[in-house]
Structure formats: C-alpha cells, structure tokens
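As structure tokens, the structure follows; a few thoughts come after it.
The values are calculated or read from the model by the stated rules, or taken from the named source; none is laboratory data. Just so we're clear, the structure is a prediction, and the values are computed from it rather than from any experiment. Backbone-built Cβ (ideal geometry, glycine too); neighbour counts: all protein chains shown.
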Amino acid sequence: MIFFSTFSIFYQLSVISQYYFDFVIMKIGDGPGFHIFAAPIFVITSLPVTILNSTIIKIDKDAKTITFKNLFWNSSRVYHFNELQGYVHSSYRAKGGSYEVIYLIKDSLRIERIAEAYYSNFDELKNGFLPLKNMGKRSFNYYYHLKILFRSPVYD
C-alpha cells in the first residue's frame, strides 16, 4: 500500500510539473505502456473509498432507528434515536458546487456522515433527523471526513 501511495504522490507531482511548469519528471503520455501501468494503480487506490461510501441509509421513524447498510459487505450499523446526542451540519465545496453534510453525534463523537453529494434524497433523509437535536453548524474538515469514512472517532 505504501508503494501505491508513493506512486500516486509522485504521479501527481509529475502531472503538475509537466502541466504548469513544462518540467518533466515522469513523461505523462498517451502510450499504451503508461495506461497499462497507471490504470490498475488508479483502481487500487480508489476502490477502498468507493466501497466505504456505498451505503444505504434507512430511517424508521416508528422504531426510532437509523440503519446504515454497506452495499458490498453484509454489514449494518443500527443507531437508536435515544442513544444519539443529535447531529451537526456542515458544507463543503466541490467541482459541482457546494454540498451539505450531516454528521451524527454519539458520546461527543461524530460517528456517521451523510453527504448531499452521494444521496439524491438528501432532503428526505434530513427530514428524518427532525426528532434528533440539531447541534448547529460546524466547519468542514477533509481530515475529519476521512477519519469518519474509515470509522475512526472524531470528537465534536
């Protein structure tokens, strides 16, 4: 994994130096050798993020539960409304515009992330959180975003 991360950084530096400064570190071209080498690296480095972001969210207002189910693994995480302190919302900018993100809070930790960019029914999901306490707006931080994605605790 260290090799792939090192290659990705080296590749990005090569692209930037060639595009902006006309300085070639590693020739970035359209030759078949480059694509045979770069395509698997791209797939391997982006696959974990794709798998971790593929989640179905189900809010049951009658049972007062929120269920997060991963599409690739048969794993589910169920939270009862009474065990959650509430939620905070944030926003971030991306190529397509500005997107809202909701973080669920449990024991002063941001435990789950729901991003408007990934869910077409984000407004419906947001309405499902009305019984929970709205704890306000927080600034968006990519470091926290990645920690939550990989199931690491983030103190709020």
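Results, tabulated for the structure shown:
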| item | result |
| --- | --- |
| Any hit, the stretch 113-136, residues being farther than 26 Å from residue 47 by Cβ, under 17 Å from the mean Cα position of the chain (by Cα) and part of a strand (DSSP E or B) | no |
| Residues located in the stretch 14-61, provided they are modelled with pLDDT under 75, of a type in the set (D, E, K, R) and at negative phi | 27, 30 |
